[in-house]
Structures are given as structure tokens and as C-alpha cells.
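Before any comments, here is the structure.
Read-outs: derived from the displayed coordinates by stated rules, not from any lab. Keep in mind that what you see is a predicted model, and the values were worked out from it rather than measured. With ideal geometry, Cβ positions are generated from the backbone for all residues, glycine too; neighbour counts draw on all protein chains shown.
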Amino acid sequence: MHNVQLARAFAQLADLLELAGENPFKVRAYRRAADLLASLNEPAASLLRDGRLIQMPGIGRQIAAKVDELLATGRLRALEAAAARFPAGLLEIMELPGVGPKRARSLFEHLGVSNPRELDEAARAHRVRAVPGFGAKSEADIVRNLAVLEKRTGVVLLSLARRLAADYAAHLAACPGVERVMIAGAVRRWEELVGELNLVAASRDPAGTLAAARLHPLVAEITGQGGDFFRATTPWGLTLKVTVAADGASFWWIILRETGPRDHVRRLEDLAVSLGLEPRPPGFSRAGGPLPVNGEEDLYRALGLPYLPPEVREDGSEVDRALAGWIPRLLDRGQIRGDLHVHSAYSDGRNSMGELAAAARRLGYAYLAVTDHSASLKVARGLSTEVLAAKNRAIDEYNAANPGLRLLRGAEVDIRPDGSLDYPDEVLAGLDVVIASVHSRFNLPRAQMTERVVKAVQNRYVHILGHPTGRLLNQREPYALDLERVLAAARDHDTWLEINASPERLDLSAEHVRLAAGLGVKVVIGTDAHEMNNLEYMEYGVAVVRRAGVDPATVVNTWEGGELWRALGKKR
DNA sequence: GCCGTTTTCGGCCCGACTGTTTTCAGTCG
């Protein structure tokens, strides 16, 4: 059993116990364990075996024993017992905004609704407003939010999809006859949300491979199949498609097709026909026979195109741009010189600054901005000005003693509803990097929210606008905001916009990055890491920039130290 | 359920917002 599955079991256990009214701290302990398991970068099984798992923060004897039970038996009795008390559909109802464990349970007990569909019926029949604590407003909210919930079923965050795909790829690679495996589809294109895992194998024994490939916990129910593929539902809501290439030469053709998206492939096929080529496996053929194919590059070359990496494949218009001379020069992970948005244990991060710095060194970074929350964000243990001053001194001491990597004195400062910042100017002036972010009052009217954010962008002490639209993928819509006005203000005041690389945000999006770059606004990738493993989110931010197709020089953290210090200092 | 130089029990993230109420419970960040 893989870490994501372990994490899911604990998260479900936490949800169910919450529903049962269990001690909230116990619930949180399980939730923390789920988060930890999901963030491990080695198998929990090996950590458990050599005793390191139980040493991790938040893992005690009980949780370690439950991990052991899951790994040994594939089951968790505590979870089964909790699941027997409440229908699974109640957990989906709890995902509705404004509906938590208490209200979900109340709906179940008063109306007998046990899943979103039944709740929808009850709400439309105005039976919800009769339940104590509910009224006409919440009834209407439920109907509206159920529609949103419906829309997002079957789609998961890219980060989860990548883990599931990697786990499944390992299984597929071990199936009989398999010579190589590649992940295609939306995961390969780094789409923010993924509805289908798409894997391709080259095999000497296609039938044997397809038969064995089904024997995996990810395969719930087969919903379609043909001679060289099957499609299945998974326990995670998204679908799985596995295609097998019977001969090695066709592998790249199938990879291209399965990577998609459909419109891009169609445009390539149309182009081939217009060039007198016939698009068919293993690639493109002319009268004399097929053109040689030893990789995807050859397929593009046959059409007179530069290689178009998966991230830029869209609706086909990129093919025309390439025909007109565009050659994608995309940001590369190796160009990133540092991370400008990280939380330490001073606020709500898990690791000390020393641990974060060591992790940044391992990534080869030249700088790392430690940007803990400001005072008013109590939930995240925001720093008082006194603690911030002490932290700044600790950073100076670190830098004096440790050449090579420079820690930057930073803060992620709350933008108050009136657009003012949560630290006084003299405190902001003492920082190397100031990120300004909205963390409260998300529901301001559009004009007011725009005013608020523009004011922050215009503030002479602000370098970066953090997670500019505030969206949480699959969870929360962006706040009402006139982004074009914000971008114009950013351009006028030389304020940078963040690409928050946390997989649940990816904010700015690729489209917005393109818009920003077009206006001459610089962007910064920040991982918003709350623990050192999350520094790896940088690759998600890089993918956003690649999908936007903008010049790497637009991205501030490709700059070398000296250039960055100068730019940061100019703001004072 | 976890944790510990305020340590083996009793804390654990806390305040604002919302819609429902007539004074507050539940949810959320």
C-alpha cells in the first residue's frame, strides 16, 4: 500500500470520527498523520520497518500500529467500524461550504439524507429549512453548492494524480512483457486538475500485459476496452486509461495521441494531410513508406515543426504559431536560483530555519526568503513585531556564519480589508522581502476588493503580491477582483505577482501569467512551503510558467543573487 | 491521539463571520 492510500485512510478516519463527535484533537491528530504520510518522500513501509516513522512528529504508538495494520492487512478495523456508523455519502456532504460534521449529521438524523443526491432532493422540496439551525438561505446555498460539488467530481489535483500515476506506472512496468512505460495525458501536460490518468506501455505480450495491468487497487471497474487498451474507474473518482503498444515503433505515436489534447493532435494530423503525409502508426507515411520514428521529436520534425513540449500543447493554435516561426524556449527547473515564499516554525511551518536552509542548499539554491505570517493571522501563529525582530537577528546570524546560501528576512503580511498592511512601515522597512496577501474577508464586493489589493500593490514596501486571486483548486473560487487593474498597478509600481506553486493554488494560473508577462509585469514562483519537502512544489510553479510559454527572464527567481538584491533594494 | 526543561496529565491554534437565533452554535481560515 502506497503513502497516498495510507494518507487517505487516515483522512477518512478523521472525517468519520469528526462526524461521530469524537474528541476534536484526536481528529486533528489523524488529519496531521494523513498530511504527514502524504508528504513523505519515501515509502512509509520502510520508515516503519526501521523505526523512523514513530520518531516523526505527530506519529505515536497508536498511529504507527494502524499504519502497520494497513500495510500488513490492507485494512483498518477502526476505519471500518467508523464507516459502519455513518453512510459514506455524508463525507461528501461535509465538503459543502458551510456544512461541517455537526450539520451533516443533523441533516442525516432529521431528514435521513445520506448522500448529495438525497440532500439535493430534500433541499429542492424545502425540507432542509425545517431542520433546526437551517433556514431558507442555507437551503438555497446547499442547492447552489451541490451543483459546484457535482461539477468537480471525478477531478483531482495534479499533485495527487502524479502520485497515483507514478504508483500505477511502477505496477504496469512489472507486468509481463512490458518493455517501457510512460505517463501521458493531462498529467504529462501538467494540467492543474486531472480527470483521467493515462498510461502507455510498450509490450511484447499485449494481451498478457492488459490482463495483469487490471490487477491493481486503482482499477475499480472496467468501463471500456479494446484490443490495445482498457479504461476503468478508480476509487479516487478520476478514470484510468491504459494503452499498450504492440510494437516498439508505434509507442511514440500512441504517446503523442494519448498525451493530447485532442485538438492539438487533430491539428497535427490535418497538417500532415496538407503536406501529403498520411497520419497512421507508427507515425507519418508518404508513398515510399513510413518516416522513421525514434521519439516524439521525430513526429514533429516530420511535419517541419520544432518540438512542442507537452505543456504547450493546447487547442492547436500553438501549432500555427510554431509554423510561423515560434520556437518554445521554456523555463527549466535548473534555472531557478531560489524560493521566495517559505514558512518556518516561527509561524505555522513545520521546520526550523536551519532545516529549511539545509534543504534549500540541497536544491542548489542561492537564496531563500523566510516569509512567516504577520501578527494578525492568529491561526497561523503570526509573528508579533518583537518575535519578527528576533527572527531577523537569527537570519543575520545564520548568514554571517554560513556563506553560500543567503536567507532573506521576509514576511507574508496580511492585507487588511482597507488595503493597509499588518505591520507598520518601519517594520516593513527592516525586511528584505515583503509579500502582501489576502487572508481574510474573501467576500468583499469586487470594487472594494480591487481597491484593497491595488492599494497593497502600490505600497512602496511591498515586493510581491501573494497568491493574487485567492483561488483554491476544487475548493474555493477566486475572490471577486479586477485582475487587469491589479496588473496595471503592479506594472506602474514595479511590484511582482506571485505564482504560488502550492498544488492546491497554482495562483497565478498559466493564463494569468501570460497576461502579466504581456503587460511587462514580473512574476515570482513561491512554493509557500510549510515544511521542507514542499520546496519541491517549485516544479509545479515551473510548469505554470512553461504552460504560459513566457520568457524565463520574466521569472524573478531565475535571477542571480546580486541582481535580485538590487531589485529588492530599489523598492525602498 | 500526541506530546513533554511549565512532562505522564492536561493541554492541544484562536478569532471572525454567518445565518440562525433572540444569545449562539457551527464553520472556516
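Some observations on this one:
- Whole-Hz couplings from phi, Karplus 6.51/-1.76/1.60, listed for the range A:562-568; x for Gly and Pro: x, 5, 5, 4, 4, 5, 5
- Karplus-derived HN-Hα couplings along the range A:150-157 (A = 6.51, B = -1.76, C = 1.60, θ = phi - 60°), whole Hz, x at Gly and Pro: 4, 5, 9, 5, x, 10, 10, 4
- Once both labels are positioned 7 Å from their Cα atoms along Cα-to-Cβ, the gap between A:Ala220 and A:Ala81 label points is 2.7 nm.
- Whether the range A:170-253 is rounded, prolate or oblate, judged on the alpha carbon gyration tensor where a/c under 1.5 counts as rounded: oblate
- Contour minus Cα-Cα distance for A:Ser384 and A:Leu275 (0.36 nm per residue): 32.6 nm
- Listed residue pairs exceeding 28 Å between alpha carbons, taken from A:Lys455/A:Lys570; A:Lys26/A:Lys137; A:Lys26/A:Lys241; A:Lys102/A:Lys151: A:Lys26/A:Lys137; A:Lys26/A:Lys241
- Size descriptor for the range A:412-484, Kirkwood hydrodynamic radius: 12.4 Å (Cα pairs only, one decimal).
- The range A:47-92 and the range A:214-249 have Cα centres spaced 29 Å apart.
- Kirkwood hydrodynamic radius (C-alpha pairs) into Stokes-Einstein, the range A:249-393, 37 °C and 0.692 mPa s, D in µm²/s: 171 µm²/s
- Remark on A:Leu197: its backbone amide H falls under 5 Å from those of A:Thr239, A:Leu240, A:Lys241, a criterion applied only to residues 5 or more positions apart or on other chains, H modelled at 1.01 Å from N.
- Directionally averaged projected area (the range A:389-530, Cα convex hull): 9.0 nm².
- Taking amide H atoms as placed 1.01 Å from N in the peptide plane, the amide H of A:Gly58 has no partner under 5 Å among residues 5 or more positions away or on other chains.
- FRET efficiency, 1/(1 + (r/R0)^6) with R0 25 Å, evaluated for A:Asp348 and A:Arg393 via beta carbons: 0.75
- Mean projection area, nm², convex hull over Cα of the range A:307-398: 9.1 nm²
- Computed extension gain for A:Met56 through A:Arg514, at 0.36 nm per residue and net of the alpha carbon distance, reaches 160.7 nm.
- Secondary-structure-derived ellipticity at 222 nm for chain A, considering helices only, amounts to -13000 deg cm²/dmol, per-run term -39500 (n - 2.57) for DSSP H runs with n ≥ 4.
- Close amide H pairs (under 5 Å, H built 1.01 Å from N) link A:Ala245 with A:Ala201, A:Ala202, A:Ser203, residues at least 5 positions away or on another chain.
- Surrounding net charge for A:Gln475, when Lys and Arg each add one and Asp and Glu each subtract one, Cβ distance under 14 Å: -1
- Taking the range A:256-282 and a reference point 7 angstrom along Cα→Cβ of A:Leu323, the backbone N atoms nearer than 12 Å belong to A:267-276.
- In sequence order, the range A:543-548 has phi-based couplings of 5, 4, 5, 5, 5, 6 Hz under the Karplus curve 6.51 cos²θ - 1.76 cosθ + 1.60, θ = phi - 60°, and Gly or Pro positions carry x.
- The value given for chain A is a Kirkwood hydrodynamic radius of 26.2 Å, derived from the mean inverse Cα-Cα separation.
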